[in-house]
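Take a look at the structure set out below.
The values are calculated or read from the model by the stated rules, or taken from the named source; none is laboratory data. What you are looking at is a predicted structure, and each value in this text was computed from that prediction instead of being measured. Backbone-built Cβ (ideal geometry, glycine too); neighbour counts: all protein chains shown.
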Amino acid sequence: MSQETARSTEQSASATLPMLPTTVVGSYSVPEWLERLKTDFYLHRISPAHLAEIHDVAIKAAIKDQEQAGIDVVSDGELRRDNDIDYLLARIPGVSITDTNKAYYYDYYDAEVPEPLATSETSALGLVDDFVFTRGQTDRPIKFSFTGPFSLSRRIRKSAYSNRADLVRSLARALNAEARELVAAGATRLQIDEPFLAGYPDDAGLAIEAINLVTEDVEADWALHVCYGNRYARPSWEGHYDFLFPAVLDAEVGTLVLEFARKGYGDLALFKRYPWERRLGLGVIDVKSEEVETSEIVAARIRRALEVVPPERLIVNPDCGLRHLPAFVARAKLKAMVAGAAAVRQELSQPKQATAEPSAPALTEES
């Protein structure tokens, strides 16, 4: 998919959205009762069928929360997924997980790739079923996200590949096959999450190459989300987004989704320095703090970004997923985000006051 095609697809997908549309990054608040039940599953206290029913209920509630907050593009909250890695690795043919027991649901599996991954034009990772279920719960546009190949590779302990880059590329091809299935099922907005990339900034070029393998020949409104990690509501790394540029300019995506609220807006200067002429997903909500932002704070953050990015290329979202926030905090933060975006949207829709022309001086005989 060329960058021109990506922009065309992006424009088509955003045609029905308001200016400064609001969305989430992906995950939603995981209630304590769901955490306990997920862990009970790994302790063999409940069946897979029972857990699937529980997930259905939790996802319906997460979607309803987003709708009631006024979010324009919703997600399933990724509530079927234990964490950002295992749900996919456990489903990719050729990835071996010898011990599927967990003491706590959020823990990572110990994954290996004993043989090179087979390439296939079809996929059955289960994401299509997840999307179809979500599509049946809401009339709003849906963003469907999955973890990218670079981050997945960092949680594979041993592999048959002598070159890790080849492992990343093979994972990308597996995700490409699944993306094709998602689009065939009706998905139009897909997002690749690379939460580990900030920890390996020298590999930005490889990660972007792999992202383009994922998006290749898949006609969707693609987004790329890069953050600094969100493990137990704490960042895994610190720094700035300089490492993404200029490599990310070659990414075949229509939107770049970044965190700003927690770490400040200094990195907006990168969009003056580099010609990113596509959309920016602006993080305006700090998901690592339970303090609820006011709508005025959100509006001020949006205005700051508008000094660099025009409103038609700006999307408003939290910094990262809402997984670790209590549900009442997540709801309050989303409502503040929607209200802040609405306030700025109203400001932009009002005609600017014309500056009065100074009156000409009266003519005199000397004139």
Check: Taking region 87-131 on its own, how many of its residues are closer than 19 Å to residue 160 by Cβ, of a type in the set (Val, Ile, Thr) and surrounded by 15 or more Cβ atoms within 10 Å (Cβ to Cβ)?
Finding: 3
Check: Mind checking which pairs have a first residue in region 312-324 that is farther than 13 Å from residue 259 by Cα and among the basic types (Lys, Arg) and a second that is buried (at least 20 other Cβ atoms within 10 Å of the Cβ) and at pLDDT below 95, Cβ under 8 Å, 6 or more apart or different chains?
Finding: 323/230
Checklist line | Matching residues, region 17-69, being surrounded by fewer than 19 Cβ atoms within 10 Å (Cβ to Cβ) and closer than 26 Å to residue 340 by Cα | finding: 17, 18, 19, 60, 61, 64, 67, 68
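The rows are residues; the columns are (1) without any contact (Cβ under 8 Å) to a residue 40 or more places away in the chain; (2) among the polar types (S, T, N, Q).
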| position | (1), (2) |
| --- | --- |
| 90 | yes, no |
| 96 | yes, yes |
| 99 | yes, no |
| 102 | no, no |
| 107 | yes, no |
| 112 | no, no |
| 115 | no, no |
| 119 | no, yes |
| 123 | no, yes |
Margin query: Scan region 318-326 and tell me whether some residue there is surrounded by fewer than 16 Cβ atoms within 10 Å (Cβ to Cβ) and within 18 Å of residue 265 (Cα to Cα).
Written below: no
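Hey, among 253, 284, which residue is assigned to a loop (DSSP other than H, G, I, E, B) and either crowded, with 23+ Cβ neighbours inside 10 Å or touching a residue at least 60 places away in the same chain (Cβ under 8 Å) (or both)?
Sole residue among the options that is assigned to a loop (DSSP other than H, G, I, E, B) and either crowded, with 23+ Cβ neighbours inside 10 Å or touching a residue at least 60 places away in the same chain (Cβ under 8 Å) (or both): 253.
When you scan region 287-297, do you find a residue that is modelled with pLDDT of 95 or more, closer than 24 Å to residue 146 by Cβ and part of a loop (DSSP other than H, G, I, E, B), even just one?
Yes, region 287-297 contains a residue that is modelled with pLDDT of 95 or more, closer than 24 Å to residue 146 by Cβ and part of a loop (DSSP other than H, G, I, E, B).
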Check: residue 219 versus (1) over 30 Å from residue 35 (Cα atoms); (2) within 16 Å of the chain's Cα centre (by Cα); (3) not basic (Lys, Arg): which is the lone unmet condition?
Finding: (2)
Checklist line | Some residue of region 233-244 being of a type in the set (Lys, Arg) and within 23 Å of residue 90 (Cβ to Cβ) | finding: no
Margin query: Let me confirm something: among 269, 341, 332, which residue is closer than 30 Å to residue 32 by Cα, assigned to a helix (DSSP H, G or I) and of a type in the set (A, V, I, L, M, F, W, C)?
Written below: 332
Note to self: Whether any residue in region 45-66 is assigned to a loop (DSSP other than H, G, I, E, B), among the basic types (Lys, Arg) and either at pLDDT below 95 or farther than 20 Å from residue 257 by Cβ (or both) is what I want to check.
What the structure shows: yes
